[in-house]
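One structure is given here, and the rest of the page talks about it.
The values are calculated or read from the model by the stated rules, or taken from the named source; none is laboratory data. Note that this is a predicted model, so its numbers are computed, not measured. When we count neighbours, we look across all protein chains shown, and the Cβ atoms used for this are built from the backbone with ideal geometry, even at glycine.
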Amino acid sequence: MLETSLYFIQQLLNGLTIGSTYALIAIGYTMVYGIIGMINFAHGEIYMIGMYISFVAISGLTMLGVEYLPLILFITLLISVFISSTYGWAVERVAYRPVRGGNRLIALISAIGMSIFLQNYVRIAQGSRDIAMPSLIQGGWSMGPLDGFQATLSYMQVVIFIVTFITMTGLTFFIAKSRMGRACRAVSEDMKMAGLLGINTNRIISLTFVIGAALAAVAGLLLGLYYGVTNPYIGFIAGLKAFTAAVLGGIGSIPGAMLGGLVLGVTESMTSAYFSSEYKDVVSFGLLILILLFRPTGLLGKPEVEKI
Amino acid sequence: MKKINKKLLGISASLMIMGAASLSQAETLKIGLAGPVTGPVAQYGDMQMIGAQMAIAKINEAGGVNGMQLEGVVYDDACDPKQAVQVANKIVNDGVRYVVGHLCSSSTQPASDIYEDEGIMMVTAASTSPEITSRGFQMVFRTIGLDSHQGPTAGNHIADKVKPSKMAIIHDKQQYGEGIASAVKATVEAKGINVVMFEGITAGDKDFSSLIAKMQKEGVDFVYYGGYHPELGLILRQSAERKFEAGFMGPEGVGNKDLSAIAGQASEKLLVTLPPSFDLRPENKELVESFKAKNQDASGAFVLTAYSAVQVMTDAMKKTGNGDTDAMQKAMREMTFKTPTGDIQFDEKGDLKSFDFVVYQWHADGSKTAVK
């Protein structure tokens, strides 16, 4: 009995860890969709770039002789967020803004092109092999009998939970309370009207991309530390999963993306735990279809009201 | 006047191009080197390419084949079946008649259909899936053993030496990984080993924490992994972080230095079945020196098998006196080739008559030692 419940706890923790990083990436999708109604397929690539930058920054700092780990991580976070945001901003400026007035499909194709471009750009610059880094944050707490199954919560998982929580809370407050956040909500509700009322919509759209990219960079740093491995192709699968999470939670809704990420992570982990890891993706995407059948707007999405 | 000049210029230019083309056709014989130059398993492609290029260089030094110089043309399939088909079609269009490759079994299989139809000779130096040669094809050969040999070698080692009480077999759901995992499962189960888990993962996944927790709960003390190194490296690394202390074993697809880069200390004591270290054969001393002179590493699993792949084709060309692939394939089934991987012969299917895999113990610095 004890073993079964410990096992359940362990799998729940595993699922929440992966789920919270899905959520971080999913926010980028959902915010962009909420404001300009397009799917930014290059977002997964921004996450991948964030991970590469963290690797480069960490090895650079270690080479410079910085040894205090929290300092390394803090500086890396700043560098990675800054550079990735610049990428996010530039992608919007170069690939989406010029085609924004036209058909939505054009922006979609432009996004796919951007995704392929970034992937291959990193591949040429950094090589196609997996790049690895030793684990920086080791150890953890264990629960359970010494001779039987033990549930472990590693320090790295705790770091992931805490950082995700802080970032999410920060974002929620920013959107709900700040001036810029209010402008974001206004643009998302009615872009034309917001423009007429004196909100610089171009700047707000850029801001959305920058926030999305910054969160993707945070996820990139966290998962880079957690797995210790990266390659130019990880953005694709991660992007797909995060996009699923965003749709699951209701695309356009920020709390929805958070919930969707967690649900997806836990579903995957539980399927591997009690069924088989072979069917992990089958079950999670089956769940997505079911939810969309019964709640077409996702878990927390609001049905779009036709504005007259 | 001006017009005529232009025309003349055009004609003479096109003549020159044609002349150049026919000149190069007469002088070089193109061999397609197909394999992953990019992608997650590109290091295996490197092994194949340096081995084949070395063979081409050596044969050219010795005067070429039937008075012609060889030229290796690299084609990148990124170990992706779809891309492999495109590469095969490109090879057909380029008029290349001889191919060394492909590398991943799942790429070799669809590409070989095209080569067989077009009468292009293909020798793979690395694909070990038995299905590739089991379809009665005439043009498909390989200079490496089969999973149906490698699996039992691994399985017998596990059952006779390791003797685990509860074993898990994990694979990546690809042709190569699942094939070899099934072969290992059949062998160990026949010898009475208790296999408590047989599961697939998705290649490209990064998180194996659920799988590891499951193996911990089942009390698994030995794991066989069928697949490639990026996933096994992460499984090893995450197992170490979660204090899951089972023994691990994998096929030749995991045995390269990048595994140690990913898994670090956790890759110590991993067991790997690999082709024998041909680079340590005394006959190959001189050859290994030539690799060193070029700053290349001859110890990779597929370097010398790729060398042999080039050599068997050129030897057959010399024997038949021309480049006709149909005559070559008939000759190849009868000849004995003296290659760096030993004296080799092909059977009717195009497989080697004998090829032994060896169990090695892997070390965290990327080196390996044979297990007695």
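Matching residues to (1) within 14 Å of chain B (Cβ to nearest Cβ); (2) part of a helix (DSSP H, G or I); (3) without any contact (Cβ under 8 Å) to a residue 60 or more places away in the chain:
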| position | (1), (2), (3) |
| --- | --- |
| A:Thr152 | yes, no, no |
| A:Met156 | yes, yes, no |
| A:Val159 | yes, yes, no |
| A:Thr164 | no, yes, no |
| A:Ala176 | no, yes, yes |
| A:Gly181 | no, yes, yes |
| A:Arg185 | no, yes, yes |
| A:Lys192 | no, yes, yes |
_Count of residues meeting criterion [loosely packed, with under 15 Cβ neighbours inside 10 Å and farther than 30 Å from A:Leu13 by Cβ] in the range A:118-144_ = 5
*Working only within the range B:183-232, note down all residues that are surrounded by 19 or more Cβ atoms within 10 Å (Cβ to Cβ), more than 8 Å from every other protein chain (Cβ to nearest Cβ) and assigned to a helix (DSSP H, G or I).*
B:Ala183, B:Val184, B:Lys185, B:Thr187, B:Val188, B:Ile212, B:Met215, B:His229, B:Glu231, B:Leu232
*Is it the case that some residue within the range B:286-298 is within 30 Å of A:Thr230 (Cα to Cα), hydrophobic (A, V, I, L, M, F, W, C) and either away from chain A (no Cβ under 14 Å) or touching a Pro at 6+ places or on another chain (Cβ under 6 Å) (or both)?*
yes
*asked:* Looking at the structure I just gave you, is A:Thr76 buried (at least 20 other Cβ atoms within 10 Å of the Cβ) and assigned to a helix (DSSP H, G or I)?
replied: yes
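With respect to A:Thr152, is the statement that it is in contact with a Lys or Arg (Cβ under 6 Å, 6 or more places away or on another chain) and closer than 30 Å to A:Leu13 by Cβ true? Even if it seems obvious, please write down each step before you answer.
Details: in contact with a Lys or Arg (Cβ under 6 Å, 6 or more places away or on another chain): yes; closer than 30 Å to A:Leu13 by Cβ: yes.
Judged against the criteria, A:Thr152 is a match.
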*Would you point out the residue of the range A:8-50, among those that are at pLDDT below 90 and over 15 Å from the mean Cα position of the chain (by Cα), that is nearest to the other protein chains (Cβ to nearest Cβ)?*
A:Met38
_I need the full set of residues from the range A:253-273 which are over 12 Å from A:Leu12 (Cβ atoms) and over 20 Å from the mean Cα position of the chain (by Cα), in order please._
A:Thr271, A:Ser272
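With B:Ile235, B:Ile180 as the choices, which residue is of a type in the set (A, V, I, L, M), crowded, with 23+ Cβ neighbours inside 10 Å, modelled with pLDDT of 90 or more and closer than 22 Å to A:Leu153 by Cα?
B:Ile235
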*Filter the range B:39-78 down to residues that are within 14 Å of chain A (Cβ to nearest Cβ), of a type in the set (Asp, Glu) and not in a strand (DSSP E or B), then give me how many there are.*
2
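Every residue, every condition in (1) modelled with pLDDT of 95 or more; (2) under 24 Å from A:Asp130 (Cα atoms); (3) surrounded by 15 or more Cβ atoms within 10 Å (Cβ to Cβ); (4) not β-branched (Val, Ile, Thr), yes or no:
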| site | (1), (2), (3), (4) |
| --- | --- |
| B:Val37 | no, yes, yes, no |
| B:Val41 | no, yes, yes, no |
| B:Ser105 | no, yes, yes, yes |
| B:Gln109 | no, no, yes, yes |
_Hits in the range A:186-200 (condition: buried (at least 17 other Cβ atoms within 10 Å of the Cβ) and of a type in the set (S, T, N, Q))_ = A:Ser188
*Note down all Cβ pairs under 6 Å where the first residue falls in the range A:274-298 and is within 12 Å of chain B (Cβ to nearest Cβ), the second is among the hydrophobic types (A, V, I, L, M, F, W, C) and part of a helix (DSSP H, G or I), and they're at least six residues apart or on different chains.*
A:Ser277/B:Leu211; A:Ser284/A:Leu264
*List the number of the failed condition for B:Gln175; all other conditions in (1) of a type outside the set (Gly, Ala, Ser); (2) touching a His at 6+ places or on another chain (Cβ under 9 Å); (3) modelled with pLDDT under 90 hold.*
(2)
*Tell me which of these B:Arg135 doesn't satisfy, since it passes every other one: (1) away from every other protein chain (no Cβ under 14 Å); (2) closer than 30 Å to A:Gly15 by Cα; (3) not in a helix (DSSP H, G or I).*
(2)
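From the set of residues in the range B:79-116 that are outside any helix (DSSP H, G or I) and over 15 Å from the mean Cα position of the chain (by Cα), which is nearest to B:Gly350 (Cα to Cα)? Spell out the reasoning first.
Within the range B:79-116, the subset outside any helix (DSSP H, G or I) is B:79-80, B:94-104.
Now restrict to residues that are over 15 Å from the mean Cα position of the chain (by Cα): B:94-98.
Details: B:Asp94: 25, B:Gly95: 23, B:Val96: 21, B:Arg97: 18, B:Tyr98: 15 Å.
It comes out as B:Tyr98.
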*Return yes when B:Met249 is part of a helix (DSSP H, G or I), in contact (Cβ under 8 Å) with a residue 40 or more places away in the chain, of a type in the set (A, V, I, L, M) and more than 9 Å from chain A (Cβ to nearest Cβ) and no when it is not.*
no
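Here is a yes/no grid of residues against (1) among the small types (Gly, Ala, Ser); (2) modelled with pLDDT of 90 or more; (3) crowded, with 23+ Cβ neighbours inside 10 Å:
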{"position": "B:Phe244", "(1), (2), (3)": "no, no, no"}
{"position": "B:Thr273", "(1), (2), (3)": "no, yes, yes"}
{"position": "B:Asp297", "(1), (2), (3)": "no, no, no"}
{"position": "B:Val310", "(1), (2), (3)": "no, yes, yes"}
{"position": "B:Met313", "(1), (2), (3)": "no, yes, yes"}
{"position": "B:Thr336", "(1), (2), (3)": "no, yes, no"}
*Looking at (1) touching a Pro at 6+ places or on another chain (Cβ under 9 Å); (2) surrounded by 15 or more Cβ atoms within 10 Å (Cβ to Cβ), can you tell me which one B:Met328 breaks?*
(1)
*Out of A:Ile112, A:Ile53, which single residue is touching a Phe, Trp or Tyr at 6+ places or on another chain (Cβ under 7 Å), more than 14 Å from every other protein chain (Cβ to nearest Cβ), surrounded by fewer than 24 Cβ atoms within 10 Å (Cβ to Cβ) and in a helix (DSSP H, G or I)?*
A:Ile112
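Conditions tested, residue by residue: (1) buried (at least 22 other Cβ atoms within 10 Å of the Cβ); (2) facing another protein chain (nearest Cβ under 10 Å).
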site	(1), (2)
A:Tyr226	yes, yes
A:Asn231	yes, yes
A:Ile237	no, yes
A:Lys241	yes, no
A:Ile251	yes, no
A:Met258	yes, no
A:Val263	yes, no
A:Val266	no, no
